[in-house]
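Colleague: Have a look at this one.
The values are calculated or read from the model by the stated rules, or taken from the named source; none is laboratory data. Bear in mind that the values here come from a model prediction, so they are computed numbers and not experimental data. Because the Cβ atoms are built from the backbone with ideal geometry, glycine has one as well, and the counts that use them run over all protein chains shown. Side chains are part of the model used for accessible areas, which takes the heavy atoms of the whole protein and leaves out ligands, DNA and RNA. Shrake-Rupley method; radii C 1.70, N 1.55, O 1.52, S 1.80 Å.
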Amino acid sequence: MIGNNIFRLPFVKGLLLLFIALLTVTLLSPMTVMASADKTTKASAASEEESAAAETVTDAQAESGTENKKQYLFDNYGLFTEKEADSLKAACLEYSEEAKADIIMITTSTLDGKTAQNYMEDFYDEMKFGYDKEYGDTVMLLVNMEENNRWVEIQGYGQAEYYVNNDRIEYMLDDITKILKNGEYRDAFLEFAKQSAYYMNESKGVKETPASGNTNSNGSTGSGNYGESSYNGPSNYYGEKEENPLYNTVVQLVIALVIGGISVGVMAANSGGRMTAQGRTYLDEGRSGLTDHRDDYLRTTTTRVKKPTNDNNSGGRSSGGGGVSSGGHSHSGGGRSF
């Protein structure tokens, strides 16, 4: 009899429902763990691939008897060691294939009296970059190491004008500029290559709308809206891509607890007889009253919060933007000092 009645108690039923909810979480958790393990494995594999990339490319070329003659890294400043340069060349080749666009890296000690934007435009016109044709899809990075004028500039040509547009370049510069300021130049260049390939394959927030330039009084073409016309709302920015929250273990646990809590509350509210006694039912008002009172000071607690300061690591919005080279090739763009 007791065994049968115990399962009719509200709190026992609530515990059973809570147990069922937690069991559901336990069954769903392996999915989350598998996804997390997959991400961890990929991250570890990516690190190993980067270190072995140069050797892999060299071995493949040796076996086939061919060699990729295209140059991706132009280290005119001499910023990298031979080993670092080899790893960056391999990264450019790998991510260029993924992006279906040339990924070009340039360092220099002087801009020869030009702006960073004009320097890169002339460089593109002269070298005729492009993944599958001259003056084709290209993403370029320039790092100027000139004293008192250190600058990083990114430009996108061809399809990259749309997919590595001005908006996305701002987010790339947010990440790359911080790394450059720390003196981690190789890591900054690798970050550029990764993000370029990512954005060339991310269509959210992009429309392939041809840009139009402004004609200046001297007949030359101004910056117009090059690199801006393709903006179609926020993108899935690199490192911030939305994931299904239902695969998050914490979210699953909260849902289970809420369901269990609601169930217990509903059952408790509907169980037992109606309470008829009130607070004044057993009160003898003729003999009841306040007999004494006192106030005791315990303590004073003061909380101090540091006033936030403006961290301007990102360098603000870019200077320059998109435009057209003297050879007539439009591009997106942006740059900052570091």
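Colleague: Under 8 Å between Cβ atoms, at least 6 apart or on separate chains: pull out the pairs that start in segment 76-101 with a residue that is more than 11 Å from TYR185 (Cβ to Cβ) and end on any residue that is open to solvent by 90 Å² or more (accessible area, probe 1.4 Å) and assigned to a loop (DSSP other than H, G, I, E, B).
Modeller: GLU98/ASN201; ALA99/ASN201; LYS100/ASP132
Colleague: Pick from ASP175, ASP137: which is within 23 Å of ALA90 (Cα to Cα), among the acidic types (Asp, Glu) and within 19 Å of the chain's Cα centre (by Cα)?
Modeller: ASP175
Colleague: Test LYS114 against the stated conditions and say whether it is on the phi < 0 side of the Ramachandran plot and without any contact (Cβ under 8 Å) to a residue 12 or more places away in the chain.
Modeller: Yes; evaluated as a whole, the condition is true for this residue.
Colleague: Counting just the residues of segment 133-162 that are closer than 16 Å to TYR198 by Cβ and of a type in the set (Gly, Ala, Ser), which one comes out surrounded by the most Cβ atoms within 10 Å (Cβ to Cβ)?
Modeller: Among those residues, the one meeting the criterion is GLY156.
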